[in-house]
Each structure stands twice: as structure tokens, then as C-alpha cells.
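S.K.: Input: one structure, supplied below.
The values are calculated or read from the model by the stated rules, or taken from the named source; none is laboratory data. Computed from a prediction, not measured in an experiment: that's the story for all the values here. Note that we place each Cβ from the backbone using ideal geometry, even for glycine, and neighbour counts take in every protein chain shown. SASA here: full protein model, heavy atoms, side chains in, ligands and nucleic acids out. Shrake-Rupley method; radii C 1.70, N 1.55, O 1.52, S 1.80 Å.
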Amino acid sequence: MISDKDTVYGFRLAGIESYEASNGEEAKRILVTLINDDTIGIIGLNESYISAIDERTQEKIDRVYKPIVVALPVREKIAELGDARKSYLARLIRKAVGFDISLRKS
């Protein structure tokens, strides 16, 4: 997971290897490094950093089979999501990490 300081701590507590990025450019640098690591199967990316991904990096993400890059909403947006989207995110995270993580308001 690549995310902001606050969100990264929660993923680390869940046992997920996580990388803190203070802005989109820093997240992009971390993402490029992780995409080239063939031991990684899935990369969660804070959706607020999506706009920093340049076209070349996006093309590589679209082209490679592994790792899969998934944009996840930041915690502020999770509270705004409907039940269907929360359910989808829960299934996606379960598939990636092998167990349920509850998505609820804090």
C-alpha cells in the first residue's frame, strides 16, 4: 500500500507492507520501484495520488500482468461510499490479503 501517513499506519497494523508518501510525486517514485519488483502481486494506491501517475507509468501498469495496481479511496471518502462500494472494496482487500478488513467510519 502506498498512502499518506495516517492511512499507512492502519494498513501496517493489518500486516500489510506499506509505504508512506507525502505527495503524489513521492507516491509515483515508490510505485515505479514496486512495479518493477516481480515478487509483488498487488499494490494498493491512495486514490488521491492517481493524478501524479504519468502516461508512461500508466501504460506500464496497463501492460503488466503482475503486480496489479488498485486505487483505494482515502479514509475520508470511505465514509461517503454506499454499501455496494464498501462491499466491493472489502472483497478486493480480502482477495489481496487473504482476510477481511472492516471498512467503517472512524
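S.K.: Taking the condition outside any strand (DSSP E or B) and out of contact with any Ser or Thr (no Cβ under 7 Å at 6 or more places or on another chain), does LYS28 pass? Quick ask: steps written out before the conclusion?
M.R.: On the way: outside any strand (DSSP E or B): yes; out of contact with any Ser or Thr (no Cβ under 7 Å at 6 or more places or on another chain): no.
It is false that LYS28 is outside any strand (DSSP E or B) and out of contact with any Ser or Thr (no Cβ under 7 Å at 6 or more places or on another chain).
S.K.: Starting from residues that are small (Gly, Ala, Ser) and in contact with a Leu (Cβ under 8 Å, 6 or more places away or on another chain), keep the ones in segment 38-75 and report whichever is most open to solvent (accessible area, probe 1.4 Å). Spell out how you get there, then give the answer.
M.R.: At the first step, the residues of segment 38-75 found to be small (Gly, Ala, Ser) are 41, 44, 48, 51-52, 71.
The next check asks that each one be in contact with a Leu (Cβ under 8 Å, 6 or more places away or on another chain); those that pass are 44, 71.
Working: GLY44: 13, ALA71: 43 Å².
Ranking the candidates gives ALA71 first.
S.K.: Can you tell me how many residues within segment 20-37 are within 15 Å of ALA71 (Cβ to Cβ) and either open to solvent by 50 Å² or more (accessible area, probe 1.4 Å) or touching an Asp or Glu at 6+ places or on another chain (Cβ under 8 Å) (or both)? Can you show your working first?
M.R.: Taking segment 20-37 as the starting set, the residues that turn out to be within 15 Å of ALA71 (Cβ to Cβ) are 21, 24, 27-28, 30-31, 34-35.
So of that shortlist, the ones also either open to solvent by 50 Å² or more (accessible area, probe 1.4 Å) or touching an Asp or Glu at 6+ places or on another chain (Cβ under 8 Å) (or both) come out as 21, 28.
Qualifying residue count, segment 20-37: 2.
S.K.: Could you go through segment 6-23 and let me know if any residue there is at pLDDT below 70 and outside any helix (DSSP H, G or I).
M.R.: Just the residues of segment 6-23 that are at pLDDT below 70, to begin with: none.
No, every residue in segment 6-23 fails to be at pLDDT below 70 and outside any helix (DSSP H, G or I).
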